[in-house]
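Notes for the one structure printed next.
Coordinate-derived values only; no laboratory data. Remember, it's a predicted structure, so these values are computed and weren't measured experimentally. Backbone-built Cβ (ideal geometry, glycine too); neighbour counts: all protein chains shown.
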Amino acid sequence: MTTLSNAALAPAVNRVPKVTVDFWLVKLLAVTVGETAADFLSADLGLGLPTTSWIMSGFLVVALIMQFSKKKYVPLVYWVAVVLISIVGTLITDYLVDDLGVSLESTSLFFATALLATFAAWYFSEKTLSIHTIYTTKRESFYWLTILLTFALGTAAGDYAAEGLALGFLQAALIYGTIITVVALTYYADRMNGILAFWLAYILTRPMGASFGDYLSQTPDNGGLGFGTVITSAFFLAGIVGIILYMTLSRNGDETTAAVAREEA
């Protein structure tokens, strides 16, 4: 009886990292890589959007199988899945817009609606949207579906601001960055719920990263700096590898649900 009681009282292990400065740094690097790597594979290598989408989706499935099998947060496995899901989310939006001719406005609306529906289903099922309690397969499934939709939506929203509204890549990135800053300041002033602030920031970092990635990689004629997709992707991938190595060695990002009561009280 004592053994069972101790097991029942032991804190569950969260399968995703806690939100730290490292978390946001890798997230921003990953979303930028998602934009530039998708362009490199489909356009520069000439694979085309359908072929590239199938190939990268296959890699993503393998990565998610590995992630779900771990039952805990493992930096390398988790962030490889994030980078791949960022690329796949970008490819889905690009395929809808470039190959099927769906407008950026319609694509943004579609993924926004799908994201809200996923949030609603997640909350209805689990009564929380907290990322600090991802310790069951169901919650992790909701989590990764949400992540995919945020990347697809962010790609569409970023392209719509930069191209559809003719703001330009840098201006669009700065606008989204400003909104994220407002969200952060509102949260730290105790004017916004932590879960809402996290998801707003998570969603908005994608269009900011997409716009910034295009600004670095696109030619000056297209409003960019002309570094190209290879150099831009390699630079940000190197940053991701470095931070993941630090996370692995320092165990920064590990989290149990022991602190969950404080967040959801």
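Observations, loosely collected:
- Take the Cα radius of gyration of region 85-197 and divide it by 2.2 N^0.38 Å, N being the number of residues; the result is 1.18.
- Calculated from backbone phi, Karplus (6.51, -1.76, 1.60) coupling profile of region 39-49 in Hz, x at Gly/Pro: 5, 4, 5, 7, 9, 5, 7, x, 6, x, 5
- Taking each residue as 0.36 nm, the span from Ala238 to Thr181 lengthens on full extension beyond its C-alpha to C-alpha distance by 17.9 nm.
- Stretching Thr113 away from Thr51 to a fully extended chain increases their span by 19.6 nm, per 0.36 nm per residue minus the current alpha-carbon distance.
- With Cα atoms, 0 to 90° folded angle of helix 137-159 axis to the chain main axis: 20 degrees
- An ellipsoid equivalent to region 1-126, defined through the eigenvalues of its Cα gyration tensor, has semi-axes of 34, 19, 14 Å when rounded to whole angstrom and sorted largest first.
- Highest-first arrangement of 25-34, 179-188, 102-111, 143-152, where packing means the average Cβ count within 10 Å: 25-34, 143-152, 102-111, 179-188
- Counting neighbouring beta carbons within 10 Å and listing from fewest to most, the residues Trp79, Trp199 come out as Trp199, Trp79.
- Pairwise Cα distances in the chain exceed 36 Å for 13 percent of all pairs.
- The angle between the Cα long axis of helix 194-217 and the longest principal axis of the Cα atoms of the chain comes to about 30 degrees, rounded to the nearest 10.
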